[in-house]
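A.B. asks: Got a structure for you, questions after.
Here, each number is a calculation from the coordinates, and none is a lab measurement. Quick caveat, the model's predicted, so the values are computed rather than measured. Note: ideal-geometry Cβ built from the backbone for every residue, glycine included; neighbour counts use all protein chains shown.
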Amino acid sequence: MGTLDDRVALVTGGRGGVGRAVCARFLDEGATVYAADLDPGGSLPDEDAGASDGLRFVEVDVTSEPSVEAAMATVAAEENRLDIVVNAAGIEIEHTIEQTSLDDWNRIFAVNVTGTFLVSKHALPLLRRTIGDRPGGPAIVNIGSYDGFIADPRLAAYCATKGAVHALTKAMACDHGPEGIRVNAVCPGYVDTPMLQSFFAGGAQTDDDPDASIDSLQQAVRDVHPLRTYGTPTDIANLIHWLASDEARYATGALWVIDGGLSAQVQQMRL
Ligand SMILES: NC(=O)c1ccc[n+]([C@@H]2O[C@H](COP(=O)([O-])OP(=O)(O)OC[C@H]3O[C@@H](n4cnc5c(N)ncnc54)[C@H](O)[C@@H]3O)[C@@H](O)[C@H]2O)c1
């Protein structure tokens, strides 16, 4: 028996690094899972795309309201209910504000913030159909970041989007708690996904150390963590699973940092 038996979950960015791990964990726990992404490959190469048994793919562009409505219509037609939504679609742009064009600013807000808004908004009617079915009730888990609390260099727009996701999470929890819908945000530090690898690739040559290699940058990142490593997608999926489960019935409106202790330190490294 799984902890999510008979539940229906939709995971945006469900073919990306974190999203895949969430889909896999939810499937293991007995849920019917919709991986919602731009395409079945997501952020990983096609050869890794192998959908697990029982995983359903639904195409969505979270920045487009008609696309989000169409994805929800698919779930409504096939399941007529939704118990869990995980908003894991996200992009990162590695720039200071001076280097950030208005188009890039709007693009990252469209995916990270507007996407979270649109998917949650259009999921609510389906989530309401499961109110009262289980102690944990319907649950939304947004993906924030420790970058929504403290800043990494050259991630200005990204940090701003994550701060917005954190505030939106609390607002949604306040608005929909009284009807029994829980909303939380998981705030990871460094997680080994294609997004992180692209960050390493883009950040290896910094002004401080133009000769830095990706390997030395990765080691520097590991070394600065109190746990001396960065996280895996499964680490993040484990927390998301708990927040979506009945055990988290009293948890809502909270920002759950999971970062190997990185943000517990007084001084951060400079990348
Ligand atoms: N990797 C990290 O170190 C890290 C740290 C903190 C927070 N996060 C957050 O975790 C979430 C997942 O990141 P990840 O590391 O798995 O990234 P990823 O790049 O591996 O996956 C992101 C997925 O989102 C999808 N996506 C992008 N734009 C989309 C759109 N418009 N519509 C639908 N899907 C879209 C991509 O296709 C991709 O599959 C993001 O919100 C990210 O900001 C990641």
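A.B. asks: Give the value in nm², to one decimal: projected area of the alpha carbon convex hull of the chain, averaged over all directions.
C.D. replies: Numbers: hull surface 57.0 nm².
Quarter of the Cα hull surface area: 14.3 nm².
A.B. asks: Set the Förster radius R0 to 25 Å, insert the Cβ-Cβ distance between Ala220 and Gln99 as r into 1/(1 + (r/R0)^6), and round the FRET efficiency to 0.05.
C.D. replies: Approximately 0.65, to the nearest 0.05.
A.B. asks: I need the phi-derived Karplus couplings for the stretch 63-68: 6.51 cos²θ - 1.76 cosθ + 1.60, θ = phi - 60°, integer Hz, Gly and Pro marked x.
C.D. replies: Per-residue couplings from phi come out as 7, 10, 4, x, 5, 5 Hz.
A.B. asks: Can you give the Rg to Rh ratio of the stretch 64-168, both from alpha-carbon atoms, with Rh computed by the Kirkwood formula?
C.D. replies: Here Rg/Rh amounts to 1.06.
A.B. asks: Sort Ile143, Ile240 by Cβ crowding within 10 Å, fewest neighbours at the top. Don't skip to the end; give the middle numbers.
C.D. replies: Numbers: Ile143 26, Ile240 29.
Sorted ascending by nearby Cβ count, the order is Ile143, Ile240.
A.B. asks: Here is a follow-up. For a Förster distance of 22 Å, can you work out the FRET efficiency between the beta-carbons of Gln197 and Ser263, rounded to the nearest 0.05? Please list the in-between numbers first.
C.D. replies: On the way: r = 22 Å, r/R0 = 0.98.
It comes to 0.55.
A.B. asks: Based on DSSP H runs of at least 4 residues, each adding -39500 (n - 2.57), what is the mean residue ellipticity at 222 nm of the chain after dividing by all its residues, to the nearest 500 deg cm²/dmol?
C.D. replies: It comes out at -12000 deg cm²/dmol, rounded to the nearest 500.
A.B. asks: Moving to a separate point now. Could you work out which residue, out of Glu94, Glu59, Glu78, moves most in a Gaussian network model of the chain, that is, has the largest mean-square fluctuation with Cα springs under 10 Å?
C.D. replies: Result for the chain, Cα springs under 10 Å: Glu78 fluctuates most.
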